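K.L.:
Next up is a structure, given as structure tokens.
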């Protein structure tokens, strides 16, 4: 059983990924898929006249400003076009996929950060109408119910707060939380880069192997979005996973490639 | 066990409906919810520069022209904003809702109409790139799996063709097919009118009761969208349902009202 | 109507097409009455129009 | 900065605010150093800024 996280950045080839998943499922492999949708969300938000805003927290992390309208657009893209597009690609290849968000059956539950302190052109501000948070509980009963009935769960943010509100959560860390909760050993994270690069964006500086205990040292190397992925990997390792692979989602056989060590293997 | 279809037209009050569902679920009532999203889809399609087109078939029925781009927008609104918005409203009221489209787990499967003959300003044409169809099979195993685990399924188009393509289907008829497949007795259809009106849009001409065997006579009375609802009711009756209620989705306690006979009761 | 003229695939009769004929348009052969579909405009090609899978009403 | 002057809710000192002060902005009291949040602009009201529920890093 492994968890496959598929990024939402431009360049990722969803047909290659769907082909690979179909082959693995036919070979009897059990998995849960998690996907993102950031690039498409920016595009659609722009067209709908609510351009995306990114805020940087006082401690330096960037995240999407998620007010109520953004959340609706976020749901349209993540839960609508991306999730059902992926389910369709899998179903047409004989994989009995079931698409769910973290809201459904309270699959991903966690605290909503009622208060966020951000820095914008040097000035600090408190945001109270932001709908973001972190996954703290995973409904493994629902996942196991579906897995044992032969379905392949395809999960997407948003998650749900303890008060039942939709909250934007980081997909990589939600994937890590899901892997831990299900007791999976391996987490594969596909994005539009070959893996962790020593000198981004030079793809020849791919770091092939990182011993789990020295992952922290590589946090400095990771550029913005990759920072979150490394944090997801740290949490996954701390939660008991034995193997995390950052791999390229643009190439053929990306999943089997990653399982056979293509990309950055952390173990 | 009954099936509740919630329309997508403007004016429907989703908070009133969610309150009512929560009360019914707390009282131990089992149900499956089906919803639409046509009004919002038109709005978003307009804004995204792909304005909605409606085509009339040679036999006089109007339906949404569903080319590939329309299908993506359709999924964004139905499966994204509408479905997750409703799941969120239900979850925040303590109802453990699980939102699914007909694609997920091949919940609603049917034939895609590969060829559609339409009439446009008097000229007839064949459309081959239309993704519409009809629900012929319902995955009751998945629905019963969720129902027996205490979840409330909240279903939305699109459905899936036998080749695994997403297809736009009429929500009312999909609700009827679901009711038949699950052996439910009652189907409640909420929209932005009090029920079947003898002289649309005069709401004082509400037809309170229609004996099942004379429903066909009322097809003539039904205006465009309502025609599809009456057809859904005909199919539901033919499939073994004993009671169909068209009721008002704009008022308080709309579901319990309908169950107690407020609206047009067909039995 | 100074439109195009096509040949009926069934009875080879001349079928007059509207000037602004559209791809997929349905026309009827004036000789044998067969319903024809304009499969493509260039090259102009006609074929018997498919039966409508009428599932709305039945 | 010909901005507004507010009173620190903790030590009643004068707290100078930027001319284009925003709702929710965080400022620090020059006397007691407390971090303050501009709760609202009219009426101008300040309160101790909440702790950041820092969950990104820990």
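Values quoted throughout were computed directly from the atomic coordinates according to the rules given, and no laboratory measurement underlies them. Please read all numbers here as calculations on a predicted model, not as lab measurements. Please note: Cβ atoms are built from the backbone with ideal geometry, for glycine as well, and neighbour counts cover all protein chains shown.
K.L.:
For segment B:113-198, calculate the relative contact order in percent as a whole number, restricting contacts to Cα pairs under 8 Å that are 6 or more residues apart. Show your work: numbers first, answer last.
P.N.:
Details: 78 pairs, mean separation 19.6, N = 86.
In percent, rounded to a whole number, it is 23.
K.L.:
Average partner chain C-beta neighbours within 10 Å, per residue of B:105-112?
P.N.:
Numbers: counts 12, 6, 1, 0, 1, 1, 2, 1.
Partner Cβ neighbours, averaged per residue: 3.
K.L.:
Could I ask something else about it? Mind telling me which of B:232, B:240, B:49 comes out most flexible in a GNM of chain B, alpha-carbon contacts under 10 Å?
P.N.:
For chain B, modelled as a Gaussian network with Cα springs under 10 Å, the answer is B:49.
K.L.:
Okay, moving on. With 10 angstrom as the radius, rank B:64, A:173, A:69 by how many other C-beta atoms surround their C-beta, starting from the fewest.
P.N.:
Fewest-to-most ranking of B:64, A:173, A:69: A:69, B:64, A:173.
K.L.:
Separate question: Which peptide among B:142-148, A:118-124 comes first, and what is the full order, when sorted by highest mean count of other Cβ atoms within 10 Å? Let's see the in-between values first.
P.N.:
Details: B:142-148: 17.3, A:118-124: 13.0.
Order by mean packing, descending: B:142-148, A:118-124.
K.L.:
P(r) of the protein assembly as shown in 20 Å steps, Cα pairs, percent per bin?
P.N.:
Answer for the protein assembly as shown: a P(r) of 17, 44, 30, 8, 1, 0 percent.
K.L.:
Starting from the Cα-Cα distance between residue A:62 and residue A:219, subtract it from 0.36 nm times their residue separation and give me the gain in nm to one decimal.
P.N.:
Working: separation 157, 0.36 × 157 = 56.52 nm, distance 1.52 nm.
Working it through step by step, the gained length comes to 55.0 nm.
K.L.:
Sticking with this one: Between residue C:51 and residue B:242, how high is the FRET efficiency from 1/(1 + (r/R0)^6) when r is the Cβ-Cβ distance and R₀ = 51 Å? Nearest 0.05.
P.N.:
Details: r = 36 Å, r/R0 = 0.70.
In this case the efficiency is close to 0.90.
K.L.:
Which order do B:59, B:38 fall in if you start with the one that has the fewest other Cβ atoms within 10 Å?
P.N.:
Details: B:59 12, B:38 19.
Placing the least packed residue first, the sequence is B:59, B:38.
K.L.:
To continue, here is another question. Note down the nm distance, to one decimal, between modelled labels 7 Å out along Cα→Cβ at residue A:205 and at residue B:26.
P.N.:
6.0
K.L.:
What is the mean number of Cβ atoms from other protein chains located within 10 Å of the Cβ atom of each residue in peptide A:37-45, rounded to a whole number? Show your work: numbers first, answer last.
P.N.:
Values: counts 0, 0, 0, 2, 0, 0, 1, 6, 0.
Whole-number average of other-chain Cβ neighbours for A:37-45 is 1.
K.L.:
Have a look at segment D:5-48 and give its Rg and Dmax from the Cα atoms, expressed in angstrom.
P.N.:
Values for segment D:5-48 (Cα only, Rg and Dmax): 9.1, 24 Å.
K.L.:
Write down the Å³ per residue value for the convex hull defined by the alpha carbon atoms of chain A.
P.N.:
Working: hull volume 32.3 nm³, N = 267.
Convex hull volume per residue, Cα atoms: 121 Å³.
K.L.:
Taking every DSSP beta bridge with both residues inside chain B, roughly what % is antiparallel (nearest 5)?
P.N.:
40
K.L.:
How many partner chain Cβ atoms sit within 10 Å of a residue's Cβ in peptide D:18-30, on average, as a whole number?
P.N.:
On the way: counts 1, 0, 1, 1, 4, 3, 10, 5, 8, 2, 1, 0, 0.
That average works out to 3.
K.L.:
Taking other Cβ within 10 Å of each residue's Cβ, how do C:29, D:32 sort, fewest first? Before the final figure, lay out the partial values.
P.N.:
Values: C:29 21, D:32 12.
The fewest-first ordering by Cβ neighbours comes to D:32, C:29.
K.L.:
Which FRET efficiency value, to the nearest 0.05, is calculated for residue A:10 and residue B:43 with the Förster distance at 25 angstrom and r the Cβ-Cβ distance?
P.N.:
Working: r = 27 Å, r/R0 = 1.08.
Result of the calculation: an efficiency of 0.40.
K.L.:
Another one. May I ask you to derive the relative contact order of chain B, considering only C-alpha pairs under 8 Å and at least 6 residues apart, and to give it as an integer percent? Could you put the intermediate results ahead of the total?
P.N.:
Details: 571 pairs, mean separation 62.6, N = 267.
For chain B, the relative contact order is 23 percent.
K.L.:
Decide, for segment B:171-267, between rounded, prolate and oblate: order the square roots of the alpha carbon gyration tensor eigenvalues as a ≥ b ≥ c, take rounded if a/c falls under 1.5, and otherwise choose prolate if a/b is larger than b/c, else oblate.
P.N.:
Details: a/c = 1.64, a/b = 1.23, b/c = 1.33.
Oblate shape, in that a/c is at least 1.5 and b/c is the bigger or equal ratio.
K.L.:
So what's the back-of-envelope 222 nm ellipticity for chain B, counting only DSSP H runs of four-plus at -39500 (n - 2.57) apiece and dividing by all residues, rounded to 500?
P.N.:
Helix-only estimate at 222 nm: -9000 deg cm²/dmol.
K.L.:
If you don't mind, another one. So for segment D:5-48, averaging the separation of alpha carbon pairs under 8 Å that are six or more residues apart and normalising by length, what relative contact order in percent results?
P.N.:
Details: 78 pairs, mean separation 15.1, N = 44.
Over segment D:5-48, the number comes to 34 percent.
K.L.:
Out of all DSSP beta bridges in the protein assembly as shown, what portion is antiparallel? Express it as a percent rounded to 5. Can you show the working numbers first?
P.N.:
On the way: 60 of 116 bridges.
Around 50 percent antiparallel, to the nearest 5.
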